[in-house]
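Worksheet: the structure to be examined is printed underneath.
Since every read-out is calculated from the coordinates, none of them should be taken as a lab result. Here the structure is a predicted model, which means the values were calculated and not measured. So basically every Cβ, Gly included, is an ideal-geometry build from the backbone, and we count neighbours across all protein chains shown.
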Amino acid sequence: MELRYALLFLSLLAPSCAAHILEPYDFLFDTAVEAYYKGEWLTVILNMEKALRNKATVRSVKAQCRLSCANQTAFGDRPSGMDAPLPGAGSVEDLGFFQKILKRADCVNSCETDKLGTRTLHEVTEDVALEFKKRTPYNYLQVAYFKINMLDKAVAAAHTFFLANPDHMEMKQNLDYYRMMAGVQPEDFKDLEAKPHMAEFLQGKSYYSDDSFGLAANHFEVAVDEYFTADKECKAMCEGAYNYDGYNYMEYSADLFQTMTDHYMQVLNCKQHCAVELASTAGKDKPFEDFLPSHFNYLQFSYYNSEKYEQAIECTKTFLLFHPGDEVMNQNLAYYSAVLGEDKARDIAARQVVKLHIQQSILEKELLYFGYEAFGITFVDPVSEQVIPYRSLFAYLMADRETTARITEEIGNLMKEIETLVEEKKKDSSDMAMVIAPQEGGALLHDDIKVTMTANQLNGSQRVLLDGVISEDECRELHSLSNAAALKGDGYSGRPSPHSPSEMFQGVTVLKAVKLGQEGMVPLKSARLFFDLSEKVKKVVESYFRLDAPLYFSYSHLVCRSAIDEKQKDREDLSHPVHVDNCLLVSELNECIKEPPAYTHRDFSSLTAVHCVTLHVDRLKITLNRNCQSWV
């Protein structure tokens, strides 16, 4: 807060220097929320709308700075003072490569600082980011607009919020009420957050359904242009800070090139996911299937019905870049070519921008596959979420046989070597597991901890149920920490019900608890207790199973799961489905296979239940119990 007030003070002294600095949108959001509870509706509207505009501006500026600097510091250019353009041939050449890295970093930093102010000025907390992702500002806006009788804007804000929150019953009732009000028009129900490429695509589909093929083609063409603009911005935004995913960076140790590889793999994953992001729209559970190719499917038929055969052929050939074996589309191409003339049709090529887009996507997948396989991890396509074996990967991706042959020739031998190394690694791991197979029954290290059930009683091996792991006071303190610090959907991309639609999931990591403790939001001793308990459980497991090697954390998560009252009627799903943490269970064979996507790096899973609640079955209400217990 001191920084922001200082900026305001400086602006009075030197308005020409600071006038262009954008106000942080989290500050504007907080101001609007404060005004909302005071009933100051105009202040709510001014600050909340400005917060939305500034957030969009921050994203746009960052994307444009990164795109502009990428063009100015392209790696294909020869570095100044260097004769050889390619890194890797020696120390001098490597310096030339890193010179480009440093120049691009300086370019991006200078560009963003000039247009946005200091780098930290627009950093926001996870809570604020989640509020904007859920479109919460529009919830406040719809009330404020309604209070000053601006119904068209109130309806638009309500509709925008409801699209992203279809289960929000109060907003559903508001929208039903608005529909019955005099003066409210159907066109008032619009999505204020609609992306241009998606809006044009949906408009094109609407005209297409009405057989208005000329208008449909116009909107689909605009949608294609907007798609590639959005795709460039989306991929540019992937080039941000490294996501350490909780607190694992505390033990993160890697050399320069390993660090660059880790970050770049994350960037490539993000860029591949842009196809999913651009195909998604609020109010639709899943992304549109085959989103970009479908544009050209609609276009080819729209142009055919408009008797524009040259454009129909171009769009048909472009669609076939994605699906070269599509029987119907090949028949369409043959028909259009016959109508236009084979010689003339032969000279019409698929769109170059799409060829380049597919080539880039293939290369990104190629690098991802190589990077993951080199570290013993199976390639999982970020777009399709399919585990793709090497031999089918490129057939799956490429229509160009020459490109397939080139990649196969260049990588084939290397992949054989990697497969051999992976098999040897699996064999070594198997042999090691036999050598250090743990024997249960060791000391529990603490007098209060009691064995409740052994592996035999739990119908398995390497299992144990312990009681009394923490005291009643510690139990209550963790419960308070969870109430104060846990975020909905933490660890699951903000999804509040990742395991069951009938339950709400909240969680907090050790790092998040420590940060909140440093900010004075929760007691630091509670965060320390969370950490100490994690360590305590680890040492107990090591001791009880008599492990020769130390255990290391994959993660530690304090979670709270609660039933959603209105979703309990006739419920039959399991609260937490039966599953295996570190292998793929094949029930028919009574085997558990250690291979991806299971967490094969995890040897033990520990669940500490902080049991401070009792369930009243008659009304399914959860109330606090006086006696807290814990078990592992």
Please list, in chain and number order, the residues 5+ apart from residue 556 or on another chain whose amide H is under 5 Å from its amide H, with Hs placed from the backbone.
510
J(HN,Hα) series, the range 291-297, from Karplus relation 6.51 cos²θ - 1.76 cosθ + 1.60, nearest Hz, glycine and proline x:
4, 5, x, 5, 4, 7, 5
Net charge, residue 128 excluded, C-beta distance under 12 Å - Lys, Arg +1, Asp, Glu -1
-3
Could you rank the peptides 22-32, 207-217 by their average count of other C-beta atoms within 10 Å per residue, with the highest value first?
22-32, 207-217
Would you mind checking the radius of gyration and Dmax of the range 323-376 based on alpha-carbon positions, in Å?
17.3, 54
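Cβ neighbours within 10 Å, averaged per peptide: list 530-540, 180-190 in order, most packed at the top. Write out the running numbers ahead of the final one.
Working: 530-540: 17.7, 180-190: 11.4.
For the peptides 530-540, 180-190, the packing ranking is 530-540, 180-190.
When every alpha-carbon pair in the range 449-541 is counted, what percent end up more than 19 Å apart?
Working: 2345 of 4278 pairs.
For the range 449-541, the share of Cα pairs beyond 19 Å comes to 55 percent.
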Hey, which of these cross-link pairs are over 22 Å Cα-Cα: 190/271; 172/567; 205/344; 38/147; 103/512; 115/515?
190/271; 205/344; 103/512; 115/515
If each of residue 370 and residue 570 carries a label point 7 Å out from its Cα toward its Cβ, how far apart are those two points in nm?
5.5
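Assign unit charges at the C-beta atoms only (+1 for Lys and Arg, -1 for Asp and Glu), then state the dipole size of the range 494-563 relative to its Cα centre in Debye, rounded to the nearest 20.
80
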